[in-house]
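Visitor: I have a structure I would like to understand better, so I am pasting it below and will then ask my questions one at a time.
Just so it is clear, none of the values below were taken in a lab; they were calculated from the coordinates. Everything numeric here is computed off the predicted structure, so don't read it as measured data. Here the Cβ positions follow ideal geometry from the backbone for every residue, glycine too, while neighbour counts run over all protein chains shown.
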Amino acid sequence: MGTRTTASYVGYLAERDTLARSAKTALLVGTILALLNHYQAILAWVVPTHEALQIGLTYLVPFSVASFGQIAAKRQRDLGAARACRCPDCPVHASATTAG
């Protein structure tokens, strides 16, 4: 994965709709998983440090999965549009037609 590809992944991740959708997914799925896995500590209002870290990871995983799925879909969409472009020497699409 080259620098240009890494930059495009970061660019897709930084898009407002990507972050918002991933955060909503993480909030919903993470809350359900956290309650299923740590309900006793949460209901008792006693969450040890190691369990708090586990709960944090419980939210991080669905955020990461949702983000990756959106990035992959957006990248596929943009690469398809770039390949369909017939612009001669188009600077916007030139890098996308040679990318993975």
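Visitor: If I go through region 57-73 residue by residue, how many of them are over 10 Å from the mean Cα position of the chain (by Cα) and farther than 11 Å from Ala23 by Cα?
Guide: Looking only at that region, the number is 3.
Visitor: Tally time: how many residues in region 1-53 are among the β-branched types (Val, Ile, Thr) and touching a residue at least 40 places away in the same chain (Cβ under 8 Å)? Working first, answer last.
Guide: Looking only at region 1-53, we keep the residues that are among the β-branched types (Val, Ile, Thr), and these are 3, 5-6, 10, 18, 25, 29, 31-32, 42, 46-47, 49.
Still in the list and also touching a residue at least 40 places away in the same chain (Cβ under 8 Å): 5, 18, 25.
Final tally of qualifying residues: 3.
Visitor: With the requirement that a residue be under 18 Å from Lys74 (Cα atoms) and under 11 Å from the mean Cα position of the chain (by Cα), what does region 12-32 give you?
Guide: Tyr12, Leu13, Ala14, Glu15, Asp17, Thr18, Leu19, Ala20, Arg21, Ser22, Ala23, Thr25
Visitor: Hey, among Leu43, Leu35, which residue is more than 23 Å from the chain's Cα centre (by Cα) and either hydrophobic (A, V, I, L, M, F, W, C) or part of a helix (DSSP H, G or I) (or both)? Break it down stepwise before answering.
Guide: Values: Leu35 fails: more than 23 Å from the chain's Cα centre (by Cα).
None of the other options fit; the residue is Leu43.
Visitor: Let me ask you something else. Output the residue which, of all residues in region 1-54 that are among the charged types (D, E, K, R) and within 22 Å of Phe68 (Cβ to Cβ), is surrounded by the most Cβ atoms within 10 Å (Cβ to Cβ).
Guide: Here the answer is Arg21.
Visitor: Would you check which residues across region 55-66 are crowded, with 16+ Cβ neighbours inside 10 Å and under 26 Å from Asp78 (Cα atoms) and list them? Steps first, answer last, please.
Guide: If we filter region 55-66 for residues that are crowded, with 16+ Cβ neighbours inside 10 Å, which is where we start, we get 55, 58-59, 62-63, 66.
Of everything in region 55-66, those that are crowded, with 16+ Cβ neighbours inside 10 Å and under 26 Å from Asp78 (Cα atoms) turn out to be Pro62, Phe63, Ala66.
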